[in-house]
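Novice: One structure, pasted below without further comment.
The values are calculated or read from the model by the stated rules, or taken from the named source; none is laboratory data. For clarity, every value in this text was computed on a predicted model and none was experimentally measured. For neighbour counting, all protein chains shown are included, and Cβ atoms are generated from backbone atoms with ideal geometry for every residue, glycine included. Heads up: the accessible areas ignore ligands, DNA and RNA and are worked out on the full protein's heavy atoms, side chains in. Shrake-Rupley method; radii C 1.70, N 1.55, O 1.52, S 1.80 Å.
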Amino acid sequence: MQMTTSEIRTAFLEYFRSQGHQVVDSSSLVPHNDPTLLFTNAGMNQFKDVFLGGDIRPYSRATTAQRCVRAGGKHNDLDNVGYTARHHTFFEMLGNFSFGDYFKHDAIRFAWDFLTKVLQLPQEKLLVTVYATDDEAYGIWANEIGVSADRIVRIGDNKGAPYASDNFWQMGDTGPCGPCTEIFYDHGADIWGGPPGSPEEDGDRFIEIWNVVFMQFNRQADGTLEPLPKPSVDTGMGIERVSAIMQGVHSNYEIDIFKTLIQNAAKIVGVTDLENKSLRVIADHIRSCSFLISDGVMPSNEGRGYVLRRIIRRAVRHGRKLGATDTFFYQLVGALVALMGEAYPELKSQQPVVERVLKLEEEQFVRTLDRGLSLLEEELVRLGDVREIPGSVVFKLYDTYGFPADLTADVVRDRGYTIDEAAFQQEMEKQRERAKDASHFAVDYNKQLKIEQTSDFCGYERTIANTTIT
Ligand code: ATP
Ligand code: MG
Ligand code: MG
Ligand code: MG
């Protein structure tokens, strides 16, 4: 059965609605009331206080299609983009949640029924993991669902401490936590990779599609696990990964949304090879950048804004690498809005702001990009056989040419070079000591805004007027 990404989103929400779940809107990418979290990175974020018991909702079952960004902080997939078939900086996580309502039996049954009945995925392509000591979950998969023993993998004990492994989820050092069960799809023997728990698990043959967390304990400050009075459920399924399966392709970058974005990017920069890795990076980055800006993040030199600026600059660099001579990145926003504006109206309404901000950022960065790249090439020659770029060079590129360190690393990665990250950080520290203001390189919208709001300063009025930040 073929399904579009939109159809999968609708089918998921409808399925869980029919099972008594309240359909709740995606929350912003900027987490509310949670300064510890860089960006919303999972569906459960907006329900954190509900799980903790501090926020009581009129429903005990919910379902969402949550926009997520993993480009910094605890989950950072920025460096995976362009290298794996399954990682994006921006993706949509479909989830169902039980707040003290159903637990393991129903959570597993719902997930399995959605995959095998609604999406009609063949059972023999699916593989599940359970937490190593979770005999209850193992029993449900084996006896109630009927998954054969060779397709259930226990994960946990092999990584040392009993609760340090990937299959035991916890929100922080204390608080609600519990074992997971994950569902993987086997894309076939001609793709490199092994089942979860094997040495080749990082390959892209077996792709994790759904993570189901059983929130069962409240971890105490002394490390002990106290059973929760009302065990809960938190699940997350990556829509792009399921889309790939439903559209009969292996890589997320071949699904409907990405195909269209890549075609548009290719047209704008003037290339014909649609397999080009840089096109994938650009298609990925236009989504994270556009959604972040539409959720109110502005490029800046610190915090969330700097993560955004780094992603924009990486995209701009990949565009120049492909031969773009004009400002190109913002030209993709229209295509993205056409693809996703209906599901995310805030993206549509912010389109003009997104375009202006991206255009301005690109115009500013290209002024120094080429010179920075030439300097980098000269340094590579000077390095001879050494394959690590010194911290002082990374710092110079950062400070004089506006190259975020990860961009420099990205430029040279395919040629086998790494950067001396620790030495770069030392240079940064030295600079902080020299001057409080980290870098004068770029326009800092956030700082300007603060100035605008708190004083009569009007030197940047034109920029502000052009970007209309709300
Ligand atoms: P992986 O092991 O493949 O990196 P994960 O275990 O980090 O995935 P979870 O934190 O369990 O992922 O998130 C729940 C689901 O969200 C995953 O099962 C996957 O389908 C999807 N997902 C996670 N990270 C990404 C990403 N960077 N891009 C696209 N989908 C993702
Ligand atoms: Mg991951
Ligand atoms: Mg995983
Ligand atoms: Mg997972």
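Novice: Under the condition of being surrounded by fewer than 18 Cβ atoms within 10 Å (Cβ to Cβ) and at pLDDT 95 or above, which residue from the stretch 53-78 is farthest from ligand 1 (Cβ to nearest atom)? First the steps, then the outcome.
Specialist: The first filter runs over the stretch 53-78 and keeps only residues surrounded by fewer than 18 Cβ atoms within 10 Å (Cβ to Cβ), leaving 53-59, 73-76.
Going one step further and asking which of them are at pLDDT 95 or above, we end up with 57-59.
Details: R57: 22, P58: 27, Y59: 22 Å.
Ranking the candidates gives P58 first.
Novice: If E275 satisfies every condition in (1) among the acidic types (D, E); (2) closer than 20 Å to K74 by Cα; (3) open to solvent by 10 Å² or more (accessible area, probe 1.4 Å) but one, which is the exception?
Specialist: Every condition holds for E275 apart from (2).
Novice: Next question, about the same structure. Out of all the residues in the stretch 133-155, which are crowded, with 21+ Cβ neighbours inside 10 Å and part of a loop (DSSP other than H, G, I, E, B)?
Specialist: Answer for the stretch 133-155, where residues must be crowded, with 21+ Cβ neighbours inside 10 Å and part of a loop (DSSP other than H, G, I, E, B): just D134.
Novice: Determine, yes or no, whether N45 is assigned to a loop (DSSP other than H, G, I, E, B) and of a type outside the set (A, V, I, L, M).
Specialist: Details: assigned to a loop (DSSP other than H, G, I, E, B): no; of a type outside the set (A, V, I, L, M): yes.
Spelling it out, it is not the case that N45 is assigned to a loop (DSSP other than H, G, I, E, B) and of a type outside the set (A, V, I, L, M).
Novice: In this structure, does R356 turn out to be open to solvent by 60 Å² or more (accessible area, probe 1.4 Å), touching a helix residue (DSSP H, G or I) at 6+ places or on another chain (Cβ under 6 Å) and modelled with pLDDT of 95 or more?
Specialist: Numbers: open to solvent by 60 Å² or more (accessible area, probe 1.4 Å): yes; touching a helix residue (DSSP H, G or I) at 6+ places or on another chain (Cβ under 6 Å): yes; modelled with pLDDT of 95 or more: yes.
So R356 fits the description; yes.
Novice: Right, here's the next one. Go through the residues of the stretch 134-145 one by one and say whether even a single one is at pLDDT 95 or above and within 16 Å of ligand 1 (Cβ to nearest atom).
Specialist: yes
Novice: Of all residues in the stretch 278-296, which are open to solvent by less than 10 Å² (accessible area, probe 1.4 Å) and out of contact with any strand residue (DSSP E or B) (no Cβ under 6 Å at 6 or more places or on another chain)? If you could, list the steps in order and put the result at the bottom.
Specialist: Going through the stretch 278-296, the residues open to solvent by less than 10 Å² (accessible area, probe 1.4 Å) turn out to be 278-279, 281-293.
The answer is S278, L279, V281, I282, A283, D284, H285, I286, C289, S290, L292, I293.
Novice: If I filter the stretch 102-115 for residues that are in a loop (DSSP other than H, G, I, E, B) and at pLDDT below 95, do I get at least one hit? Outline the logic, then answer.
Specialist: Going through the stretch 102-115, the residues in a loop (DSSP other than H, G, I, E, B) turn out to be 102-103.
Still in the running and at pLDDT below 95: none.
The answer is no, given that none of the residues of the stretch 102-115 is in a loop (DSSP other than H, G, I, E, B) and at pLDDT below 95.
Novice: In addition: Has the stretch 179-200 got any residue that is over 25 Å from N41 (Cα atoms) and within 16 Å of ligand 2 (Cβ to nearest atom)?
Specialist: Yes, some residue in the stretch 179-200 is over 25 Å from N41 (Cα atoms) and within 16 Å of ligand 2 (Cβ to nearest atom).
Novice: Looking at V24, is it away from ligand 4 (no atom under 16 Å from the Cβ) and either under 10 Å from the mean Cα position of the chain (by Cα) or under 21 Å from I311 (Cβ atoms) (or both)?
Specialist: On the way: away from ligand 4 (no atom under 16 Å from the Cβ): yes; either under 10 Å from the mean Cα position of the chain (by Cα) or under 21 Å from I311 (Cβ atoms) (or both): no.
Answer is no for this residue.
Novice: Further question: Here are some conditions: (1) modelled with pLDDT under 95; (2) closer than 21 Å to G296 by Cα. E433 meets all but one. Which one does it not meet?
Specialist: Tallying (1) modelled with pLDDT under 95; (2) closer than 21 Å to G296 by Cα, E433 fails exactly one: (2).
Novice: Right, next: Within the stretch 39-52, restricting attention to residues that are under 21 Å from Q216 (Cβ atoms) and touching a residue at least 24 places away in the same chain (Cβ under 8 Å), which residue is surrounded by the fewest Cβ atoms within 10 Å (Cβ to Cβ)?
Specialist: The residue in question is L52.
Novice: Let me ask another. Please give the number of the condition R309 fails out of (1) buried (at least 18 other Cβ atoms within 10 Å of the Cβ); (2) closer than 23 Å to M93 by Cβ.
Specialist: Of (1) buried (at least 18 other Cβ atoms within 10 Å of the Cβ); (2) closer than 23 Å to M93 by Cβ, only one is false for R309: (2).
Novice: Report whether or not R151 is away from ligand 4 (no atom under 16 Å from the Cβ) and out of contact with any helix residue (DSSP H, G or I) (no Cβ under 9 Å at 6 or more places or on another chain).
Specialist: On the way: away from ligand 4 (no atom under 16 Å from the Cβ): yes; out of contact with any helix residue (DSSP H, G or I) (no Cβ under 9 Å at 6 or more places or on another chain): no.
So R151 fails the test.
Novice: Restricting to the stretch 218-256, what's the tally of residues that are among the β-branched types (V, I, T) and free of Cβ contacts under 8 Å to residues at least 40 places away in the same chain?
Specialist: Number of matching residues: 2.
Novice: Right, next: What are the residues in the stretch 247-256 that are open to solvent by 10 Å² or more (accessible area, probe 1.4 Å) and more than 13 Å from D186 (Cα to Cα), if any? I'd like the intermediate steps shown before the answer.
Specialist: Going residue by residue through the stretch 247-256, those that are open to solvent by 10 Å² or more (accessible area, probe 1.4 Å) are 247-250, 254, 256.
Correct list: Q247, E254, D256.
Novice: If you scan the stretch 185-238, which residues turn out to be within 13 Å of ligand 3 (Cβ to nearest atom), open to solvent by 30 Å² or more (accessible area, probe 1.4 Å) and not in a strand (DSSP E or B)?
Specialist: Matches in the stretch 185-238: P195, G197, E201, D202.
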